[in-house]
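Each remark here refers to the structure printed beneath this line.
The values are calculated or read from the model by the stated rules, or taken from the named source; none is laboratory data. It should be emphasised that the depicted structure is a prediction, and the values quoted were computed from it without experimental measurement. Heads up, the Cβs are rebuilt from the backbone with ideal geometry, glycines too, and the neighbour counts pull from every protein chain shown.
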Protein chains: 2
Amino acid sequence: MENFTFYNPVRIHFGRGQIATLKNEIPLDKRILLTYGGGSIKKNGVYTQVKTALNGHTVCEFGGIEPNPRYETLMQAVALIKEHNLNFILAVGGGSVVDGTKFIAAAASFPGEPWDILTQHAPINSAVPFGCVLTLPGTGSEMNCGAVISRKNTKDKLVFIHPLVFPQFSILDPTTTFSLPPNQTANGIVDAFVHVIEQYLTYPVNSPLQDRFAEGILQTLIEEAPKVMRNPEDYAARSNIMWCATLALNNLIGCGVPNDWATHLIGHWLTAGYGLDHAVTLAILLPSVLNHQRAQKREKLLQYATRVWNVINPNPEERIDAAIFKTREFFENLGLVTHLSNYKIGEEAIAFVTKKLNEHKQITLGERGDINLEVVEKIMRTSL
Amino acid sequence: MENFTFYNPVRIHFGRGQIATLKNEIPLDKRILLTYGGGSIKKNGVYTQVKTALNGHTVCEFGGIEPNPRYETLMQAVALIKEHNLNFILAVGGGSVVDGTKFIAAAASFPGEPWDILTQHAPINSAVPFGCVLTLPGTGSEMNCGAVISRKNTKDKLVFIHPLVFPQFSILDPTTTFSLPPNQTANGIVDAFVHVIEQYLTYPVNSPLQDRFAEGILQTLIEEAPKVMRNPEDYAARSNIMWCATLALNNLIGCGVPNDWATHLIGHWLTAGYGLDHAVTLAILLPSVLNHQRAQKREKLLQYATRVWNVINPNPEERIDAAIFKTREFFENLGLVTHLSNYKIGEEAIAFVTKKLNEHKQITLGERGDINLEVVEKIMRTSL
């Protein structure tokens, strides 16, 4: 395996009733900004549990963080922090709220124009401490230090990663996910699945343990997904999905192995340009990426076919075909259709995506850096 | 799965050449106590690498920490810290040096009699910060906050666990393990293997991901062990063993599942009373524990047989027998014989061990608390 550094100081409280631990996690002298999304937490009881646990704290609220959280929105929260002199943030919601909160935390004490954190990798020297109550598993943001932020007026969607934006703690109560709409549950499962694939389906570097951990997450997602889609209040299955999603992107399985991330980086521009759900972009692109890169990924694709999908076909090319087919079928069975035409998006998207990739110098993608703009175009053509 | 809290802030630097990161990990104003064991680090080049990286730091040295580190020895290091006003410890060695260092770190600022930390669970309010350069994988001490400390004059061997004694960082360079004697390599593998078993082979709680992570570590240890025994300088195999051993006991795989630990707690007294290597006590006791608890552990034993050892016998009792046989065979193939008589220890050990367990109130062992002193006697009789 390759050399690596692993560090992840996030404290996880997992299980029923864990929202009550908030009162021990946040000292009483903290002045809290409570961030959330579209307001579902006020319908499913999570908001009440949080407010009960924070009884006695000073709490300001900032709702309305949208999916693919926008710079324009988040800067309003930054203003609120400054205005009220707040010194802790509690994110209550899914990955977008957590990602958005990471940006708010970094931007609140950033001396210059915070957009530079995304475009120029401007260095961050401090961040407002924050915690998280997760209500939608998928992004893994609850246990990592990365975030993806969009900007409406420039149609940008960019990543930033910094150790100062690890949550101090994250509370994962699977019952908070019972009331999710089916498409959000499905999106989260696909997102977690593809996070694992990005760190696993590359080329072999003699890392049998990382491989088995990755395969373990994939197999568990495949087994548990139909259960939660059938019965949204299956606590055990919700728990397993939630823990899988966290471990899919908390730095662990990617340690010491090559990482791909081409599907994500191309997909971000489909969301930025056409408003497709993040997971939908992954479901559309991944089968095409795997098919195009089948020579470069051959050994791992064969291993994936055998170990994850139990394909026993002795013909290697057919085994790879079967693995890609089953991957697509898994996404489709969850309700995500996997061609751009299903979303009324045509060839014009290729020009937009390649222009944006070029503009942000994302032109050598994949674990070998061999996915250039020409290859992106080919991949996208087979996704039409 | 069961509710849990997971927290592990240890920074891991893994791979060739990582000892050089020491100079960034320890600020120049720190006054360091360098702790080590019998001196092998002076023969294999590790000491030189460490001293080079610490060029410019104030460093005192304390060597001679023995296997199963003793209170009497460690208190000498505590005196040294006080005398020279040291404020950082760097442990360089295997699990005993790291465990011993955790006790030194806690004892150095403990107001009362530090032995009470072990016998009375006396609360710790501070500890000297420390880091670790690991040279012998097995105990997992490099990425957890537990330690096992012995006392010669009372023949005690006791555990303490406290979040203040997580290492700040641990450096894992597999090349430092090339020169280990074969029995130490084998002991480390057996120790890591049994750590996984203690957290996996209990009863099912619908935790498919934890199961697969545990099985992944076991399968990898089984595959890689013969490689390092055959070729001690096989970097890839040494790396895989080292990372397996760390993940076998860093709190992750035990999250949300029942834990056993009977084999360890009984085994500690065989070491304390008769000087057996820790791993040897595990190799002797585990097959007997599994056999005696086969009804209580039935479902997981069958899963272990199938998934870890690929036993396909349709008769369940025979499948369990085969799994236990293969476990014992794995230990024996590594050179650890698995009966007390092989070490010239007879029935008298039963009286000593049960007396000590009783004295320290370790009388309801195992994941169900059903291993009382009578059961311990039965288990030990089948280990004679």
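Every listed requirement among (1) under 20 Å from B:ASN44 (Cα atoms); (2) crowded, with 24+ Cβ neighbours inside 10 Å is met by B:GLU61 save one, (2). Which numbered condition in (1) more than 14 Å from chain B (Cβ to nearest Cβ); (2) touching a residue at least 12 places away in the same chain (Cβ under 8 Å); (3) surrounded by fewer than 20 Cβ atoms within 10 Å (Cβ to Cβ) is the only one that A:GLY37 fails? Only one criterion in (1) more than 14 Å from chain B (Cβ to nearest Cβ); (2) touching a residue at least 12 places away in the same chain (Cβ under 8 Å); (3) surrounded by fewer than 20 Cβ atoms within 10 Å (Cβ to Cβ) is unmet by A:GLY37, namely (3). Considering the range A:238-256, and only residues there that are farther than 16 Å from B:ASN251 by Cβ and of a type in the set (A, V, I, L, M, F, W, C), the residue that is nearest to the other protein chains (Cβ to nearest Cβ) turns out to be A:CYS244.
Considering A:VAL98, A:VAL78, the condition of being touching a residue at least 24 places away in the same chain (Cβ under 8 Å) and either surrounded by 24 or more Cβ atoms within 10 Å (Cβ to Cβ) or among the hydroxyl-bearing types (Ser, Thr, Tyr) (or both) is satisfied by A:VAL98 alone.
Look at (1) buried (at least 24 other Cβ atoms within 10 Å of the Cβ); (2) in contact with a Lys or Arg (Cβ under 9 Å, 6 or more places away or on another chain); (3) at the interface with chain B (Cβ under 8 Å from one of its Cβ atoms) and you find that A:LEU209 fails only one, number (2). With respect to the conditions (1) touching a helix residue (DSSP H, G or I) at 6+ places or on another chain (Cβ under 7 Å); (2) hydrophobic (A, V, I, L, M, F, W, C); (3) closer than 15 Å to B:ASP99 by Cα, B:VAL159 lacks only one, and its number is (1). In the set (1) farther than 23 Å from B:LYS102 by Cα; (2) away from chain A (no Cβ under 14 Å), the condition left unmet by B:VAL133 is number (1).
Does the range A:145-168 contain any residue that is modelled with pLDDT of 95 or more, aliphatic (A, V, I, L, M), over 20 Å from the mean Cα position of the chain (by Cα) and surrounded by fewer than 23 Cβ atoms within 10 Å (Cβ to Cβ)? Within the range A:145-168 (the criterion being modelled with pLDDT of 95 or more, aliphatic (A, V, I, L, M), over 20 Å from the mean Cα position of the chain (by Cα) and surrounded by fewer than 23 Cβ atoms within 10 Å (Cβ to Cβ)), the answer is no, since none of the residues qualifies.
Of the residues that make up the range B:187-201, is at least one farther than 25 Å from B:ASN68 by Cα, modelled with pLDDT of 95 or more, away from chain A (no Cβ under 14 Å) and not in a helix (DSSP H, G or I)? Within the range B:187-201, one or more residues are farther than 25 Å from B:ASN68 by Cα, modelled with pLDDT of 95 or more, away from chain A (no Cβ under 14 Å) and not in a helix (DSSP H, G or I).
Do you know which of the residues in the range A:132-154 that are among the hydroxyl-bearing types (Ser, Thr, Tyr) and touching a residue at least 24 places away in the same chain (Cβ under 8 Å) is farthest from A:PRO182 (Cα to Cα)? Walk me through it before giving the result.
Taking the range A:132-154 and keeping what is among the hydroxyl-bearing types (Ser, Thr, Tyr), we get A:135, A:139, A:141, A:150, A:154.
With the extra rule that they be touching a residue at least 24 places away in the same chain (Cβ under 8 Å), the set shrinks to A:135, A:139, A:141, A:150.
Details: A:THR135: 14, A:THR139: 16, A:SER141: 21, A:SER150: 25 Å.
Per the stated criteria, the residue is A:SER150.
Number of residues in the range A:1-21 that are surrounded by fewer than 21 Cβ atoms within 10 Å (Cβ to Cβ), more than 7 Å from chain B (Cβ to nearest Cβ) and of a type in the set (Val, Ile, Thr): the value is 1.
Of the residues B:GLU223, B:GLU215, only one is out of contact with any Phe, Trp or Tyr (no Cβ under 9 Å at 6 or more places or on another chain) and surrounded by fewer than 24 Cβ atoms within 10 Å (Cβ to Cβ); which? Don't jump to the end; show me each part of the working.
Working: B:GLU215 fails: out of contact with any Phe, Trp or Tyr (no Cβ under 9 Å at 6 or more places or on another chain).
None of the other options fit; the residue is B:GLU223.
Looking only at residues in the range A:338-363 that are hydroxyl-bearing (Ser, Thr, Tyr) and surrounded by 13 or more Cβ atoms within 10 Å (Cβ to Cβ), the one that is nearest to A:LYS152 (Cα to Cα) is A:THR354.
Take the conditions (1) touching a helix residue (DSSP H, G or I) at 6+ places or on another chain (Cβ under 8 Å); (2) buried (at least 20 other Cβ atoms within 10 Å of the Cβ); B:TRP115 misses just one of them, which is (2).
B:PRO123 - would you say it is under 30 Å from B:GLN362 (Cβ atoms) and under 19 Å from the mean Cα position of the chain (by Cα)? In short, no.
Of all residues in the range B:22-33, those satisfying the criterion of being in a strand (DSSP E or B) and touching a helix residue (DSSP H, G or I) at 6+ places or on another chain (Cβ under 9 Å) are B:ARG31, B:LEU33. For the range B:34-57, filtering for residues that are touching a strand residue (DSSP E or B) at 6+ places or on another chain (Cβ under 6 Å) and under 17 Å from B:GLY95 (Cα atoms) leaves 5. A:GLN49 - would you say it is on the phi < 0 side of the Ramachandran plot, surrounded by fewer than 17 Cβ atoms within 10 Å (Cβ to Cβ) and not small (Gly, Ala, Ser)? It is false that A:GLN49 is on the phi < 0 side of the Ramachandran plot, surrounded by fewer than 17 Cβ atoms within 10 Å (Cβ to Cβ) and not small (Gly, Ala, Ser).
Annotation: B:ASN24 fulfils all but one of (1) within 14 Å of chain A (Cβ to nearest Cβ); (2) in contact (Cβ under 8 Å) with a residue 60 or more places away in the chain; the unmet one is (2). Scanning the range A:212-236 for residues that are free of Cβ contacts under 8 Å to residues at least 40 places away in the same chain and β-branched (Val, Ile, Thr), we see that the one that is farthest from the other protein chains (Cβ to nearest Cβ) is A:ILE217. Going through (1) crowded, with 24+ Cβ neighbours inside 10 Å; (2) assigned to a helix (DSSP H, G or I) one by one, A:THR271 falls short only on (1). Within the range A:29-51, the set of residues being touching a Gly at 6+ places or on another chain (Cβ under 8 Å) and more than 15 Å from A:LEU134 (Cβ to Cβ) comprises A:GLY38, A:GLY39. Among the residues examined, A:ARG368 does not qualify as touching a helix residue (DSSP H, G or I) at 6+ places or on another chain (Cβ under 8 Å) and at pLDDT 95 or above.
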